[in-house]
Every structure is written in C-alpha cells, then in structure tokens.
Amino acid sequence: MITVRFAPSPTGYMHIGNLRTALLNYLFALSMKKKTGEDFSFVLRLDDTDRERSKPEYEQAVYEDMKWLGIPWNRLEHQSKRLARYNEVLEDLKQRGLVYACYETAEELEYKRRRQRSRGLPPVYDRAGMKLTDEEKAKLEAEGRRPHYRFKLEHKETSWDDMVRGHCSYNGAHLSDPIVVREDGTFPYMLPSVIDDMDFGITHIIRGEDHVTNTAVQIQMFEVLGGKVPVFGHPPLLTGKEGKLSKRFGSVSSRELREEGIEPMTIADLLARLGTADPVVACQTWDELADHFDLTRFGRAQPHFDTEDLFKFNPHVVRSMPLEKVNARLKERGEKEIAGNFWAAVSPNINKIADIAPWEKICFSDELFSLNEDDRAFCRQAAALLPAGDFDETTFSAWTSVVKEKTGRKGRDLFHPLRLALTGCEQGPELKMLLPVLGRKKTIERLQG
Ligand code: GLU
C-alpha cells in the first residue's frame, strides 16, 4: 500500500510552497491509486518539536488549510508526542556506537569551519568528539559543558533513484555527521523524521529540493535502523518575486488567498503543472487532476511562481464550475443557493464566488434604474413589443429584431438603453441570458421605469 505524508512545522502560516508539497504528495498517491486500483494512506505529521516556535494557532491553520484545499488525511501524528520513541532509538544508536557525544560550542564550530574554508577545505565536521576519551569528556562536563550528539555517517556513496531528479548520489565523506540531539536534549528534524517515516510505513516522500542532502543522510539512518528506504522525489523549489519563497519572506499565505476568493482547485490546477511543460487545465476535482498527474514530468529548473497567476486563472476555474459546486460554495459562505439559468447568465462575468452576490442583487431586487427621457420613452415602446409566452434564450433576439424594425434604432442606440433599464449597469452578462432570469413581470417594470 502506498503511504505518503505531509510534514509541516506549525511555526507559521502555510504558504504556497507548503501547499505545493501537500498537494504533490496527495496527487501522486491519487494517481497511483488510479493506476493500480489500490488504496493509499495520507499521514499528516506535525513537526512540532520546536516548542518555542510551534504555536497552536498555526497548527489549527494547517488543519483548516488542508480541509479548505480538500486534502483528507487518514492519520494524524505529532512529533512532540513521540519523544520517548526517539529517545529509545537514540539509546540504541548510542549503544551501537553510531551516535557520539560532542562538546563544541556554536562559536567553536564556526571557527573550525572558517579555518577549513580558508585552507580551501570543505567545512565538514572533523569528528573531534569521536576521539575524546572518557576522562576528557568527564573533564568537559565538569567545566559545565553539555554534550550534543552526532550520527556517524558511513563514508560511502549513498544513492537513490529520485522520482524527479533521476539518479542521485552523495558521498558520506563529504557531509558533516548530522547533529541528532542538541545540548538541551531536543531533537532537530533529521532523525525523528526517519523514525516516523519508518514507524508509519511511509513508502514515498515528495518534498522540496532543499532536502536533497538530508535524503542522503536519512537513507543511511534508514539503513542502520533496519527500515525500508522510501522512494524519494525532490521537485525544484518555487521562486517568487522575493526570490526563495518562505514564511519569513512574507510570501502570500493560503488564508490570504482564500480571503481574496482564490479557489482551492485554482491552486491545485496551477501547482500540479507549474514546473512541467504541460498546459494548465481547469479541473474541478482532485480526481480529474490526478488523471493527468505525473511526477516525472517535472523539470529540474526552478519554476517561477507569481501570485498574479492565481488571480488570472481563478476566473477559468470559477466560470467552469458546475451548478452543484457553486451552490455548495455559496452554502459554505452562508449565502443563498442560485438557479441554473442565473448561473448560466452571470458565470462569464464572474472572477470569484463573491462576485455572484452583486449580480443577484441586480437581478432579483425590486430596484428600478433611471434613464434619460428619450431612452425611457424608447424602453416603454420596447416593453409593448415583448413577445408572448415564456422567456427563453431566443426571446431577446426575436424581441430586439421587432424593436429595431418598429423604432428604427440599431446597434448601441438599441441595446444600451435596454441594458441600462434592465440592469442599471453599463456592462454585464448577455441580455439574452438575463431576460429569462428577470422574467416578464420584472422586465416590463424595469422598462417602464
Ligand atoms: N518539517 C519539515 C519541513 O517542513 C519536513 C521535511 C520533510 O518533508 O521531510 O521542512
């Protein structure tokens, strides 16, 4: 069974880069289900070991955003609740000599790195901690130093076939042994993530390319812990106006997008294609989108993301929404449902769901709109020429042909006063579509003024 995960840190509101990671994992799993018929599992894991920066409001925002996007999860986990398990694994690794104590301060480490660089050497940790005798360690601790711990990387090639990057290979000798426990006893991301991925049976990990070197390290961790190494895929990071997208650079958050009327499927449709050569299609459901999804179509170049693209594409998604979906969205917003003929009339003039309400007011209120005397006289004349029977989409053209013939008006002189009388607006939905929505009674009232 395919098991994917999305592992945000609740230390800020999610931005478009996070949403992209979540949606790529979901789409990947969905597309595999379509190919194999086998169900999948989606784990939502909160990387909340940083107790100071993790906030309940950010965690709530993660749930809200996921629900809003329409990505369901089958399993919810908090790293903060798994510390006992991490400690257990840590003890085992210590026993096996795969984790060792180090005593350098941050300044001392920085000094070492600077010296290495000045000699033209890569800034790789020199494993000084591993060479310390028990007496030396005791002496350092007597000085008040607390140890941090590093994982001993094997100095060998670690390689994997990346779903996006193809064959990847890193030599452990070129990487610093990663810190797995800080001086204060807290766990940085690296080891807990592997323990979780192993314990939760994660089969595929799709995450940004900023994690590529972590993957080399983590594969070694999977190996020593006896876990099955998942399949990895690292799509390139998005770049934005401010360069790299991140919470700190004030990139647009998903809640801002939601408030601006961007539809979740607008985000999904765009992000599922951004970075591929495939055209963006206005799909209305994840299922439909998954039909065309293929991670191997992602290129190696960093795609440029511009929030404006969401605003440009949103109208396509909204206008092609089926009536049931529009009504479901209106219901969510606490607004009244609408009828099919009204949606057919106004949808081409709408960029977001919130644009529906003003047209509803225009179509269904008892308001009459003012006209100059000349135009009013013309509209009254036109009212008398309305054809008999129920209004449909053909009524307008039949009616205006007669009006044209009887009054001699044509073009703008003919249509503009009718539009003003019927809607009070200079522009708007096609009048042939609006006429059946207004109905005979309101049409006559508004023409009469
Ligand atoms: N919490 C990590 C992050 O947001 C998860 C990385 C991963 O997917 O392994 O970067």
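Just so it is clear, none of the values below were taken in a lab; they were calculated from the coordinates. What you see is a predicted model; the values in this text were computed from it and never measured. Positions of Cβ are generated from backbone atoms using ideal geometry, with glycine treated the same way; all protein chains shown enter the neighbour counts.
For Lys441, give me every one of the lysines with a C-alpha distance below 27 angstrom, ignoring sequence neighbours fewer than eight places off in its own chain. The qualifying lysines are Lys336, Lys361, Lys404, Lys406, Lys410, Lys432. Only residues of the range 88-110 count here: report those whose backbone N is under 18 Å from the spot 7 Å along Cα→Cβ of Arg127, or say none. Within reach of a label on Arg127, which here means backbone N under 18 Å from a point 7 Å along Cα→Cβ, the range 88-110 contributes 93-104.
Okay, which of the range 435-449 sit inside 18 Å, backbone N to the point 7 Å along the Cα-Cβ direction of Cys425? From the range 435-449, the list is 435-439, 443, 446-447. Residues of the range 56-93 falling in the label zone of Met1, defined by backbone nitrogen less than 15 Å from a point 7 Å along Cα to beta-carbon, are 73-76. According to the calculation over all Cα-Cα pairs in the range 230-360, the P(r) per 5 Å bin from zero is 2, 9, 18, 19, 18, 14, 10, 6, 3, 1, 0 %. Taking 0.36 nm per residue of separation and subtracting the Cα-Cα distance, full extension of the segment from Thr285 to Glu260 would add 6.9 nm. Counting 0.36 nm for each residue step from His167 to Ala398 and taking away their Cα separation leaves a gain of 76.5 nm. In plain terms, the residue of Thr394, Thr215 with the fewest other Cβ atoms within 10 Å comes first and the most crowded comes last, giving Thr394, Thr215. With a simple spin-label model that places each label point 7 Å from the Cα along the Cα-to-Cβ direction, the separation between Asp374 and His174 comes to 8.0 nm. For the chain, complete DSSP H runs whose alpha carbons reach 15 Å or more along their own long axis and whose mean Kyte-Doolittle score is 0.5 or higher are 212-225. Backbone amide hydrogens, once placed in the peptide plane, bring Arg409 within less than 5 Å of nothing, excluding anything fewer than 5 places away on its chain. Over the chain, what relative contact order in percent results from Cα pairs under 8 Å that are six or more residues apart? It comes to 14 percent, rounded to a whole number. Can you list residues from other chains, or at least 5 along the same chain, whose modelled amide H is less than 5 Å from the amide H of Cys425? Long-range HN contacts for Cys425: none found. Compared with the direct C-alpha span, the chain from Glu143 to Arg412 gains 87.8 nm at full extension, assuming 0.36 nm per residue.
Its relative contact order, with pairs defined as Cα atoms under 8 Å and 6+ residues apart, puts the range 35-115 at 35 percent. Cα gyration tensor of the chain, axes a ≥ b ≥ c as square roots of the eigenvalues: rounded (a/c below 1.5), prolate (a/b > b/c) or oblate? Note, shape of the chain comes out prolate. A simple count of charges around Lys34, restricted to other residues whose Cβ falls under 12 Å of its Cβ and scoring Lys, Arg +1 and Asp, Glu -1, yields -4.
With no solvent and one point per C-alpha, what does the Debye sum give as log10 I(q)/I(0) for the range 182-304 at q = 0.10, 0.23 Å⁻¹? So the normalised log intensities work out to -0.44, -1.29. With a simple spin-label model that places each label point 7 Å from the Cα along the Cα-to-Cβ direction, the separation between Ala354 and Glu308 comes to 2.1 nm.
Return the FRET efficiency for the residue pair Asp294, Asn74: r is the Cβ-Cβ distance, R0 is 22 Å, and the value is rounded to the nearest 0.05.
Numbers: r = 24 Å, r/R0 = 1.08.
Efficiency computed from Cβ-Cβ geometry: 0.40.
Per-residue Cβ neighbour counts within 10 Å put Val326, Val402 in the sequence Val402, Val326, beginning with the fewest.
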